[in-house]
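Visitor: Here it is, the structure, as structure tokens.
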Amino acid sequence: MKKSANNLKLIIIDDHTILRKSLARMLQYEGFTILADYANGKEFITSLPAEDPDVVLMDYEMPVMDGVSSTQWITKHKPDWKVLALSMKVDDMAVIRMLRAGAKGYIPKGVEPEELTKAIMTIHESGVYYSDLVSGKMKSMLFGNVKENTTIHDFATEREIEFLKLSCTEATYKEISEIMGVSVRTVDGYREALFEKFHLKSRQGLALFAIKNKLVQID
């Protein structure tokens, strides 16, 4: 077994059995550990694995409980878990809905295995991964080229926006984590996700971005 993936622990949620099982075998060969695989979100929620995964691979379209609802559940109940959306859908609204639900990345199912491995490793190491597909769509939103009436709320989760607002105060990141009731590591994840999504580099940049998008007001 290859060790390049350092045996990172994964969960796969996809209703296509053959694809799900084939994907599991391929990732195991690459050195990942598959904790469990599920056919839909409901099956996943009712049978959680004993160990926490490093990354959850989430299909977008599934019966019973789809990828958006499943990702929303993870964002609310398991905020430290990182979701990578892996789907046949590549239209704007599919990407927007998954990112808004809390996914840390979104890639098409047709990507080469090398890109999938890279996406998983990047999400584990830095918290987010955006392919050229997603980066292009977010740039279009920022420069007003997306046809849908999109806003910052379409690309950031409620918790990320809450963190963004708190970043405009004098509270330290540790104090922000206490206010939000999450770990410092989770707060770091919110920050890195916002940096990546909106091409920001500093806390000052976060504050200016929040003011520009009228999330906070200057007294």
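Visitor: Restricting attention to the stretch 157-179, which residues are assigned to a loop (DSSP other than H, G, I, E, B) and of a type in the set (S, T, N, Q)?
Guide: We begin by selecting, within the stretch 157-179, every residue assigned to a loop (DSSP other than H, G, I, E, B); these are 157, 167-172.
Within the stretch 157-179, T157, S167, T169, T172 qualify.
Every residue, every condition in (1) at pLDDT 95 or above; (2) among the charged types (D, E, K, R), yes or no:
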residue: L19; (1), (2): no, no
residue: E30; (1), (2): no, yes
residue: A39; (1), (2): yes, no
residue: V55; (1), (2): yes, no
residue: E61; (1), (2): no, yes
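Visitor: Hey, among L19, L10, L57, which residue is out of contact with any Phe, Trp or Tyr (no Cβ under 8 Å at 6 or more places or on another chain) and either crowded, with 20+ Cβ neighbours inside 10 Å or in a loop (DSSP other than H, G, I, E, B) (or both)? Write out each step before concluding.
Guide: Values: L19 fails: either crowded, with 20+ Cβ neighbours inside 10 Å or in a loop (DSSP other than H, G, I, E, B) (or both); L10 fails: out of contact with any Phe, Trp or Tyr (no Cβ under 8 Å at 6 or more places or on another chain).
One residue alone meets the criteria, L57.
Visitor: Moving on to the next point. Just one of (1) crowded, with 20+ Cβ neighbours inside 10 Å; (2) at pLDDT 85 or above; (3) over 16 Å from P79 (Cβ atoms) trips up K197, so point out which.
Guide: Only one criterion in (1) crowded, with 20+ Cβ neighbours inside 10 Å; (2) at pLDDT 85 or above; (3) over 16 Å from P79 (Cβ atoms) is unmet by K197, namely (2).
Visitor: Taking the stretch 152-177, which residues are crowded, with 16+ Cβ neighbours inside 10 Å, within 23 Å of T71 (Cα to Cα) and not charged (D, E, K, R)?
Guide: Listed by number, the residues that qualify are I152, F155, A156, T157, I161, F163, L164, S177.
Visitor: Spot the failing condition for V83; the list is (1) buried (at least 20 other Cβ atoms within 10 Å of the Cβ); (2) over 22 Å from D188 (Cβ atoms); (3) touching a strand residue (DSSP E or B) at 6+ places or on another chain (Cβ under 8 Å), and only one is missed.
Guide: Failed condition: (2).
The values are calculated or read from the model by the stated rules, or taken from the named source; none is laboratory data. Bear in mind that the values here come from a model prediction, so they are computed numbers and not experimental data. Neighbour counts are summed over all protein chains in view; Cβ atoms, including those assigned to glycine, are modelled from backbone coordinates with ideal geometry.
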